[in-house]
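Accompanying notes for the structure given below.
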Amino acid sequence: MTDSVELASADSGEGPALVMLHGLYGSGNNWRGIARPFEASHRVLRPDLRNHGQSPHCADMDYRRMAADIVALLDRKGIDRADIMGHSMGGKVAMTLALTAPSRLRRLMVVDIAPMAYNHEVEHGGIIRAMQAIDLAAAPGRDAVDRELATTISHPMIRQFLLTNLQRRDNQWAWRIPLDILADQLPVIQGWPEGLGSLADRPVRCLHGGASDYVAAAGRAAIARHFPAAGIIRYDGVGHWLHAEAPQRFTDDLKDFVAEDDHP
C-alpha cells in the first residue's frame, strides 16, 4: 500500500536505528524515559502513529497502512533496517511491518500483544465515550477533567495516560486525538489483517504481563504461527503496561535484545 501519511517523530542519538511504537491513545512521548539510555548507542525514533500525537488525522487505521507509515518514515530518514519495538497497538503495527516488509527489520520486540483479533471493544468504547462526554469548553483545567473521567474510569494511571491527550486549543481545552475516528475504527484496531504469513529468520522477542490477559494461550499460539522462532518472556505480577510497571526490567531486557549479534 502506498497511501501512507507523514508521521511526526522524535529522532535522537546515533547508531543503529531503534524504533519505538506506542499503543492506542498514546504518543511517541510515552517512550521518552525508556529511550534515554539507548541514545548513546542507537538512533532512536519515537513516532506518533496516525491519529495520535502530532501526526495527521485520517479515517483508516488499517494495520497494513500503519506499517506503511513506518516504512515511509524509515525512507525519509534514510534508514535501511531497524530494530522495532511496539506496545499493544504499536506491537501490531510492528508485527505487520515485519510480515509485509521484512527486509526493513533487523529485530522485533513485541510488548503484551499477539497477532490476533481481540474483543476489547466494550472496554475501549467506554473509554472513548467517557472522553467524548466531557464538556471541555466548560472545563476549568486538567483536574476538573480528571474528576469527570474518574466517574467512569477508576484507575488513576489510565486517566493520567488519557490526559496526556488534553491540550489548549483556541483558548479552551480539547482532545488532540480524533475520538470519532478512533471509535469508528475500533473493530479494525482490535482486529488483525488477513493473509499475513510467517517470519522465522529474524530475531523476535515477545514480552507479556502475567497479570494481563492479552497474551494467554490463544495469543501464544498466534505468535508461534506467525513468528515460530520467537522467544516469549512472562513478567509475573505485571499487567499490560510492562514498561510503566517494571521499567528497569523492561529496559534491561530491551538492552540485552538489541545488543545481541546482528542478523545479516
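Each value in this text was obtained by applying a stated rule to the coordinates, not by laboratory testing. Treat the numbers as computed from the prediction; the structure is a model and nothing was measured. Cβ placement follows ideal geometry from the backbone for every residue including glycine, while neighbour counts extend to all protein chains displayed.
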message: Can you compute the charge dipole magnitude of the chain about its Cα centre, using +1 on each Lys and Arg Cβ and -1 on each Asp and Glu Cβ, nothing else charged? Give it in debye, rounded to the nearest 20.
response: 200
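Add -39500 (n - 2.57) for each DSSP H run of 4 or more in the chain, then divide by its residues: what number comes out at 222 nm, to the nearest 500 deg cm²/dmol?
About -11000 deg cm²/dmol.
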- prompt: At each listed q (0.10 Å⁻¹), what is the log10 of I(q)/I(0) that the Debye formula gives for region 115-264 modelled as equal alpha-carbon point scatterers?
  reply: -0.51
query: Once label points are set 7 Å from the Cα along Cα→Cβ at both Ala174 and Ala224, what is their separation, rounded to one decimal in nm?
result: 5.0
- prompt: Once you sort the root eigenvalues of the Cα gyration tensor of region 1-63 as a ≥ b ≥ c, which label holds: rounded (a/c under 1.5), prolate (a/b larger than b/c) or oblate (the other case)?
  reply: prolate
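What number in nm² do you get for the chain if you take the convex hull of its Cα atoms and divide its surface by four?
Numbers: hull surface 54.6 nm².
Directional mean of the projected Cα hull area for the chain stands at 13.6 nm².
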Label-point separation, Asp256 to Ile181 (7 Å along Cα→Cβ), nm: 3.9
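Rounded, prolate or oblate for region 121-185? Axes are the square roots of the Cα gyration tensor eigenvalues, ordered a ≥ b ≥ c, and the cut-off for rounded is a/c under 1.5. Could the numbers behind the result be given before it?
Numbers: a/c = 1.87, a/b = 1.21, b/c = 1.54.
It comes out oblate by the Cα gyration axes.
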- request: Place the peptides 92-101, 181-190 in order of packing, highest mean first, counting for every residue the other Cβ atoms within 10 Å and averaging per peptide.
  value: 92-101, 181-190
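Rank-order 164-171, 34-41, 139-146 by packing density, defined as the average count of other C-beta atoms within 10 Å over each peptide's residues, highest first.
Averaged packing, sorted descending, gives the order 34-41, 139-146, 164-171.
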query: So for the pair Ala101, Ala138, with labels modelled 7 Å out along Cα→Cβ, what separation do we get in nm?
result: 4.6
message: Whole angstrom only: what separates the Cα centroid of region 164-239 from the Cα centroid of region 94-114?
response: 12
task: Just the number, please: percent antiparallel of the DSSP beta bridges in the chain, rounded to the nearest 5.
output: 25
- prompt: For region 149-190, which chymotrypsin sites (Phe, Trp or Tyr not before Pro) are both in a DSSP coil and crowded by at most 12 other Cβ atoms within 10 Å?
  reply: none
